[in-house]
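The structure under discussion appears below in the form of structure tokens.
Read-outs: derived from the displayed coordinates by stated rules, not from any lab. On a predicted model such as this, the values are computed, not experimentally measured, just so you know. Using ideal geometry, Cβ is built from the backbone for each residue, glycine included, and neighbour counts are taken over all protein chains shown.
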Amino acid sequence: MVQLHAVSDREQVVDTMIGLTRLSSLHRVIVAGSGSMELHLALRQRGFIRVATAATCRTPRGYTVGLIAGHNSLQAIEAALAEISQFLGASAAVAVLIDCRESGANMRIRGKLEQMGFRIEAGVRCQQGFVLSAVRQGFGQMENAA
């Protein structure tokens with residue numbers, strides 16, 4: 001019975017991430033975090049075939065959605081954001097599951113996303129934590145100016 005509850009929690013997170021990023025089967029998705037393989041498989045089961053993990057990715061740019069999930073510490077989430085940001089396009093969307101109990105984790109992740117050129121769009125509380133979504137806009141212009 002506990003296992004069924006865990007499955008429904010995971011599905012809730014995946015569904016929330018799909019909804020917040022407006023993910024469609026046409027998008028290229030990169031996933032990271034300690035739950036990246038579970039997330040990868042869950043997306044494939046839902047018909048999303050253009051999914052890669054940061055570890056298996058062969059294309060350096062052009063992903064339109066990045067997803068980070070799993071039981072991660074604050075430092076692990078920040079490292080996963082840095083890892084996938086190099087693969088994301090200029091107008092990419094991200095969704096991050098913040099499940100750590102460290103004080104100020106939500107605000108620190110928000111700050112890191114804004115520092116990376118993302119604008120926070122929404123946050124939704126789930127059974128496993130808090131899913132934060134953001135969109136990168138005008139990042140290509142910022143790269144050209146630098």
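At-a-glance table
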quantity	calculated
Residues with amide H under 5 Å from that of G117, placed H, sequence gap 5 or more	none
C-alpha long axis of helix 74-85 to longest principal axis of the chain, angle in °	50
Filtered trypsin sites (Lys or Arg not before Pro), segment 85-116: DSSP coil and at most 12 other beta carbons within 10 Å	R101
Helix 105-115 vs. the chain, principal-axis angle (Cα, 0 to 90°, nearest 10)	30
Over the chain, equivalent-ellipsoid semi-axes from the Cα gyration tensor in Å	23, 18, 13
Compactness relative to 2.2 N^0.38 Å, alpha carbon Rg of segment 33-72	1.13
For H27, H40, H71, order by how many other beta-carbon atoms lie within 10 Å, fewest first	H71, H27, H40
